[in-house]
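Working notes for the structure below.
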Amino acid sequence: MIREILTYPNPKLRTASHDVKNFDDRLHLLLDDMYDTMIDRGGIGLAAIQVGVELNALVINLSNENDEQDKNDLVEIINPRVLQSEGVTTYQEGCLSVPNVYEDVERFEKIKVSFFDRDGKPHTKEYEGLMAIALQHEMDHLQGHLFIEKLSYLKRKKFEREWKKRAKTKE
Ligand code: Y12
Ligand code: CO
């Protein structure tokens, strides 16, 4: 089922989510709906809080070498913790909760994370490249942070001016 995606400046997006305790059918339905919603809206990553659910759960589905988003490559991450990080990289990020805004953001180049899968099985993995960037972006959502908060003061002010102008034209 497709769920509504909360968009900036909805205050709920600032909520810090809490750990999943029950790896049950309700969680599986949430993850399935998050995948459907992300694909429907043309996204590659989504955190539960973006559909209004305050749980530490996220999904990422990057495109493969044929430029296809294959569901076999879907990654579901529950209760993630960063164990190690190294390097710095910059990527022009976008977010389904801040539509039409794309800005360069600095992230760690590589990260090692522990997490659980949908069945509650623990994993520890290292990620790099776009997967590491997407994971850091989604993990920020779990703590109530959006990528626009990482912009320089001037870029943030420019974003806010343009967002307000856009909101007025929609009135
Ligand atoms: C690198 C950087 C950031 C991420 C986080 C996940 N971000 C997304 O999935 C963003 C998706 C997105 C999709 C949009 O719509 C289409 O492309 C059809 C979009 O455009 C509008 O909303 C108008 C904006 C963002 C992962 C990896
Ligand atoms: Co986002």
Residues with amide H under 5 Å of LYS110's amide H, sequence separation 5 or more or different chain, H placed in the peptide plane at 1.01 Å from N; which? GLU86
Once amide hydrogens are built 1.01 Å from N within the peptide plane, the residues lying 5 or more places from ASP104 or on another chain with amide H under 5 Å from its amide H are GLU93
Backbone HN-Hα couplings from phi across the range 110-115 [Karplus 6.51/-1.76/1.60, Hz, Gly and Pro as x]: 10, 9, 10, 10, 9, 6
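Ranking MET38, MET139 by Cβ neighbours within 10 Å, fewest first, what do you get? Intermediate results must be reported in sequence, preceding the final value.
Numbers: MET38 25, MET139 20.
Lowest count first: MET139, MET38.
Summing -39500 (n - 2.57) over the DSSP H runs of n ≥ 4 in the chain and dividing by its residue number, what mean residue ellipticity at 222 nm do you reach, to the nearest 500 deg cm²/dmol?
On the way: 3 runs with 48 residues, N = 171.
The helix-only estimate for the chain comes to -9500 deg cm²/dmol at 222 nm.
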Leading residue at positive end of dipole, the range 11-170 (Cβ point charges), from LEU96, ILE60, HIS28: LEU96
Most fluctuating residue given options VAL113, VAL51, VAL82, as computed from a GNM of the chain linking Cα atoms under 10 Å: VAL82
If you rank MET131, MET1, MET34 by fewest surrounding Cβ atoms within 10 Å, what's the result? MET1, MET131, MET34
May I ask you to evaluate 6.51 cos²θ - 1.76 cosθ + 1.60, the Karplus curve with θ = phi - 60°, for each residue of the range 11-22 and list the ³J(HN,Hα) values in order in whole Hz, giving x for glycine and proline? x, 5, 5, 8, 6, 7, 7, 10, 5, 6, 10, 10
Cα-centred dipole magnitude for the chain, charges only on beta-carbon of K, R (+1) and D, E (-1), debye, nearest 20: 1100 debye
What is the order of TYR8, TYR153, TYR127, fewest Cβ neighbours within 10 Å to most? TYR153, TYR8, TYR127
Taking only Cα atoms and a 10 Å spring cutoff, compute GNM fluctuations for the chain and point out the largest among SER85, SER17, SER152. SER152
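We did not get these values from a lab; they are worked out from the coordinates using the rules stated. Note that the coordinates shown come from a computational prediction; the quantities given were computed from them, not determined experimentally. Cβ coordinates were reconstructed from backbone atoms using ideal geometry, including for glycine residues, and neighbour counts include every protein chain displayed.
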